[in-house]
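Below: the structure, in structure tokens.
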Amino acid sequence: MSSEPLIFDTKGNSLEDGPGIRSVIFFKGCPLNCLWCQNPEGKKATAELWWESDRCVKDGGCMEVCPRGAISPDHAFFIDRNRCDGCMLCVEACASTALQISGQSMSVEEVVQQVIRYRAYFEATGGGVTLSGGEPMSAPEFVADLLKRLKEEGIHTLLQTSGLFPLARFDSEVLPWLDAIYFDLKFMDPALHRRYCGTGNETIQKNFVTLLRWSRSMGFELLPRTPLIPGITDTDANLHSIADFLSGHGVERAALLPNNPLWLEKGPRLGEALVGTLEKRLRSFYETKRLEEIEELFSSYGIAASVA
Ligand code: SF4
Ligand code: SF4
């Protein structure tokens, strides 16, 4: 039996994570460290303290129980994470639930029972279950067991991935239970990928090409997706290089994921500072005109790209 990874969220009814109405399971742990990560609580594989400042009534209950003296209104984000040892006594003491634990262990069967309640919605809309994160493939055995159980229940399955994971045994142990893979391509230039995502992209590109070949022979859907981050991934040079790479491999469809600045509120809840001088740019929403320009750019390579 596979060991249990930590899950930081489950969404019941999503319309944004694949076809139809879907339940989404968010895994903790990711090999990348993207500057704009919409789910920063998915980066670390370990449980983390999550502090909701607007729920905090500053009654000091957590400060009284903290054995490390790590909590004080004088700290920038209330908790000194360097002192904190993760005992979570403060979470139990916080009656207003301002302090929570991000990351819960769940068994395969617990996840299945949680999502199966939405089966009627899946069946009515062509939906199913999406594995997201973080990087679900950080827990390959658990993912294989979970997907197998979901297929036994006749549920459509989709994996959202950063693309950075070992492909060994993926075709024999994971693919038989998968209907679709949404695969992120952020940069073609390895130096830019390293700068903004913390790793090179050679394995990601190789994995994409291998999965594309398998998708054609095995019949599952492989959809490349590019997050549009103002001034970072959405430069004409980067978008041309991605479109050129995809058209060179005969890809005809791609998804665009426009920046959603709401993620910027999550950093302080995890005790992380905002992203300095880039913050103003990252707070912006896309205008329709720019999105149409980007769709036209992909179209000039024979690729139908649309906002997911
Ligand atoms: S989890 Fe950290 S902040 Fe909370 S009581 Fe334990 S040491 Fe203190
Ligand atoms: S790959 Fe996704 S989950 Fe991982 S750090 Fe980047 S944006 Fe976040």
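Need the failing condition index for Ile25 against (1) open to solvent by 10 Å² or more (accessible area, probe 1.4 Å); (2) β-branched (Val, Ile, Thr); (3) touching a Ser or Thr at 6+ places or on another chain (Cβ under 9 Å), just the number.
Failed condition: (1).
In region 38-56, what count of residues is obtained for those that are within 16 Å of ligand 2 (Cβ to nearest atom), touching a residue at least 60 places away in the same chain (Cβ under 8 Å) and out of contact with any Lys or Arg (no Cβ under 6 Å at 6 or more places or on another chain)?
5
Can you pull out the residues in region 158-204 that are within 13 Å of ligand 2 (Cβ to nearest atom) and among the aromatic types (Phe, Trp, Tyr)?
Within region 158-204, Phe165, Tyr182, Phe183, Phe187, Tyr196 qualify.
List every residue pair whose Cβ atoms sit under 7 Å apart, with the two residues 6 or more apart in sequence or on different chains, where the first one lies in region 161-174 and is within 19 Å of Gly200 (Cα to Cα) and the second, anywhere, is hydrophobic (A, V, I, L, M, F, W, C) and part of a loop (DSSP other than H, G, I, E, B).
Ser162/Cys30; Ser162/Leu32; Leu164/Leu32
Determine, yes or no, whether Asp171 is within 25 Å of Arg253 (Cα to Cα) and in a helix (DSSP H, G or I). Walk me through it before giving the result.
Details: within 25 Å of Arg253 (Cα to Cα): yes; in a helix (DSSP H, G or I): yes.
Answer is yes for this residue.
Considering Lys58, Lys44, Lys11, Lys28, which residue is under 26 Å from Leu178 (Cα atoms) and within 16 Å of ligand 1 (Cβ to nearest atom)?
None of the others qualify; the one that does is Lys44.
Out of all the residues in region 88-142, which are open to solvent by 60 Å² or more (accessible area, probe 1.4 Å), within 16 Å of ligand 1 (Cβ to nearest atom) and either closer than 11 Å to Pro5 by Cβ or of a type in the set (Ser, Thr, Tyr) (or both)?
Passing the criteria: Thr97, Gln104.
Suppose we filter Val143, Val112 for residues that are more than 16 Å from ligand 2 (Cβ to nearest atom) and either within 26 Å of Glu202 (Cα to Cα) or not charged (D, E, K, R) (or both); which single one remains? Quick ask: steps written out before the conclusion?
On the way: Val143 fails: more than 16 Å from ligand 2 (Cβ to nearest atom).
From the options Val143, Val112, the qualifying one is Val112.
Would you please name the residue that is nearest to ligand 2 (Cβ to nearest atom), looking only at residues in region 88-109 that are under 30 Å from Thr130 (Cα atoms) and in contact with a helix residue (DSSP H, G or I) (Cβ under 7 Å, 6 or more places away or on another chain)?
Only one residue fits best here, namely Ser102.
Can you find a residue in region 231-251 that is open to solvent by less than 10 Å² (accessible area, probe 1.4 Å), of a type in the set (Ser, Thr, Tyr) and assigned by TED's automatic domain parsing to the domain that holds Ile204?
yes
Would you be able to say whether some residue in region 69-83 is polar (S, T, N, Q) and more than 19 Å from Pro268 (Cβ to Cβ)?
No; the residues of region 69-83 include none that is polar (S, T, N, Q) and more than 19 Å from Pro268 (Cβ to Cβ).
For region 143-175: of the residues being at positive phi and small (Gly, Ala, Ser), which is farthest from ligand 1 (Cβ to nearest atom)? Working first, answer last.
Restricting attention to region 143-175, the residues satisfying the condition of being at positive phi are 154, 163, 169.
Within this subset, residues satisfying the condition of being small (Gly, Ala, Ser) are 154, 163.
Numbers: Gly154: 42, Gly163: 34 Å.
If we take residues in region 143-175 being at positive phi and small (Gly, Ala, Ser), then Gly154 is farthest from ligand 1 (Cβ to nearest atom).
Is it the case that Ile294 is among the β-branched types (Val, Ile, Thr), over 30 Å from Cys56 (Cα atoms) and touching a residue at least 60 places away in the same chain (Cβ under 8 Å)?
Numbers: among the β-branched types (Val, Ile, Thr): yes; over 30 Å from Cys56 (Cα atoms): yes; touching a residue at least 60 places away in the same chain (Cβ under 8 Å): yes.
So Ile294 passes the test.
Look through Asp59, Asp85 and report the one residue that is away from ligand 2 (no atom under 16 Å from the Cβ), open to solvent by 40 Å² or more (accessible area, probe 1.4 Å) and under 28 Å from the mean Cα position of the chain (by Cα).
Details: Asp59 fails: under 28 Å from the mean Cα position of the chain (by Cα).
Checking each option against the conditions leaves just Asp85.
Can you give me the number of residues within region 1-32 that are modelled with pLDDT under 95 and out of contact with any strand residue (DSSP E or B) (no Cβ under 9 Å at 6 or more places or on another chain)?
Number of matching residues: 3.
Considering only region 60-74, I want to know if a residue exists there that is assigned to a strand (DSSP E or B), in contact (Cβ under 8 Å) with a residue 24 or more places away in the chain and either of a type in the set (Ser, Thr, Tyr) or out of contact with any Lys or Arg (no Cβ under 8 Å at 6 or more places or on another chain) (or both). Write out each step before concluding.
Pass one, region 60-74, residues assigned to a strand (DSSP E or B): 71.
Okay, now just the ones that are also in contact (Cβ under 8 Å) with a residue 24 or more places away in the chain, so none.
No: region 60-74 contains no residue that is assigned to a strand (DSSP E or B), in contact (Cβ under 8 Å) with a residue 24 or more places away in the chain and either of a type in the set (Ser, Thr, Tyr) or out of contact with any Lys or Arg (no Cβ under 8 Å at 6 or more places or on another chain) (or both).
I need the full set of residues from region 182-195 which are part of a helix (DSSP H, G or I) and surrounded by fewer than 18 Cβ atoms within 10 Å (Cβ to Cβ), in order please.
Of everything in region 182-195, those that are part of a helix (DSSP H, G or I) and surrounded by fewer than 18 Cβ atoms within 10 Å (Cβ to Cβ) turn out to be Pro190, Ala191, Arg194, Arg195.
Tell me, which strands (runs of 3 or more DSSP E) lie completely within region 207-308 with 1 or more residues that are charged (D, E, K, R)?
Result: 221-228, 253-258.
The values are calculated or read from the model by the stated rules, or taken from the named source; none is laboratory data. Just so it is clear, the model here is predicted, and its values are computed rather than measured. Neighbour counts are summed over all protein chains in view; Cβ atoms, including those assigned to glycine, are modelled from backbone coordinates with ideal geometry. Surface accessibility is based on the protein's heavy atoms, side chains included, excluding ligands, DNA and RNA. Shrake-Rupley method; radii C 1.70, N 1.55, O 1.52, S 1.80 Å.
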